[in-house]
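Here is the structure we will look at, set down as structure tokens.
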2 protein chains.
Amino acid sequence: MSDLLRFEDFHVGRKFDCGPYHVTKEEIVEFAAEFDPQPHHLDEEAAKSSMLGGLAASGWHVCAIAMRMLADTLILKIANRGGVGSREGRWMKPVRPGDTLRMEIEVVEARASNSRPDVGFVTFDCRIYNAREQVALVSMTPIIGKRSAP
Amino acid sequence: MSDLLRFEDFHVGRKFDCGPYHVTKEEIVEFAAEFDPQPHHLDEEAAKSSMLGGLAASGWHVCAIAMRMLADTLILKIANRGGVGSREGRWMKPVRPGDTLRMEIEVVEARASNSRPDVGFVTFDCRIYNAREQVALVSMTPIIGKRSAP
């Protein structure tokens, strides 16, 4: 387990690349049916006349996809103990069926725990792009084990 | 459509109750397998030795459940045009198999759009409780149509 990335490895400014992740119409509709059953996430015809201008993934689906990209690329290589939350989620552009997403992670904060000497909190800003532009920003703050616990 | 709740109806401090939502082990594992495949969300035995002390839902799953509770109770009664994001997500306590959740929404900000005279941005703080205590806070900012568009 000693080759896992630990708290000390996450200095502010360090970047990681994640993805690609291919988004299908089927999963957009499936997620929406389970968690966000609004017409612009469920139905192509209804979506055309919506502000989104066509079928688009739920913002919470985009957050879940960000977690999946993090998981596939990085999280199982980290001494990760859980997460405390997300300090920001910005859904900037629609995520469409057929989009291939990639994600750039940047460490924006790293803070040792006051109450638990063996862990620290690292905040990642995760910028998600389709082929043309940035579509979302999802912040995450995992709790990460230290290399040298006292 | 005139009986939909509109931007003008969401004054700061107004509250709404959502739920209940019953969380099953099956859906915790299913969500985790798709989006957040970490041992403490997937496997009961592995979870016991984790910081969470037992199987618990992914934080992103809790966010998706919050959206579902909002959808079931309120969103289809709102002139909702989409969402711009979440300014905060706090995963405070584990959400366990068998938990029955409820959610209290409070309007914490309502701001007319500068660029689009027909809509405004309303920020909801959604406090999620199990039978004993608050387990999460999920903020959401839907874009809501105005009653009297110019």
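The values are calculated or read from the model by the stated rules, or taken from the named source; none is laboratory data. Everything numeric in this text was worked out from a predicted model, so none of it was measured. Neighbour counts are summed over all protein chains in view; Cβ atoms, including those assigned to glycine, are modelled from backbone coordinates with ideal geometry.
A few notes on this one:
- For the range A:44-59, filtered to residues that are surrounded by fewer than 24 Cβ atoms within 10 Å (Cβ to Cβ) and facing another protein chain (nearest Cβ under 10 Å), the residue that is farthest from the chain's Cα centre (by Cα) is A:Ser50.
- Note on the range A:99-125: among residues that are buried (at least 17 other Cβ atoms within 10 Å of the Cβ) and under 24 Å from A:Glu26 (Cβ atoms), the one that is nearest to the chain's Cα centre (by Cα) is A:Met103.
- Taken over the range A:138-149, the criterion of being surrounded by 17 or more Cβ atoms within 10 Å (Cβ to Cβ) and over 16 Å from B:Trp91 (Cβ atoms) is satisfied by A:Gly145, A:Lys146.
- Among the residues of the range B:11-26, the ones that are touching a residue at least 24 places away in the same chain (Cβ under 8 Å) and in a helix (DSSP H, G or I) come to 1 in all.
- Residues in the range A:60-80 that are surrounded by 18 or more Cβ atoms within 10 Å (Cβ to Cβ), facing chain B (nearest Cβ under 9 Å) and either in contact with a Gly (Cβ under 7 Å, 6 or more places away or on another chain) or free of Cβ contacts under 8 Å to residues at least 40 places away in the same chain (or both): A:Trp60, A:His61, A:Cys63, A:Ala64, A:Ala71.
- Test: residue in the range A:74-97 that is modelled with pLDDT of 95 or more, farther than 24 Å from B:Leu42 by Cα and among the hydroxyl-bearing types (Ser, Thr, Tyr): no
- Here the range B:17-38 is the region considered, the condition is being at the interface with another protein chain (Cβ under 9 Å from one of its Cβ atoms) and over 12 Å from B:Ala57 (Cβ atoms), and the residue that is modelled with the highest pLDDT is B:Glu34.
- Wholly within the range B:54-150, strands (runs of 3 or more DSSP E) carrying at least 1 residues that are more than 20 Å from B:Phe16 (Cβ to Cβ): B:89-91, B:100-112
- With respect to the stated conditions, A:Glu8 fails to be facing chain B (nearest Cβ under 10 Å) and either among the hydrophobic types (A, V, I, L, M, F, W, C) or outside any strand (DSSP E or B) (or both).
- Of residues in the range B:114-150 being in contact (Cβ under 8 Å) with a residue 60 or more places away in the chain and among the small types (Gly, Ala, Ser), the one nearest to B:Ile78 (Cα to Cα): B:Gly145
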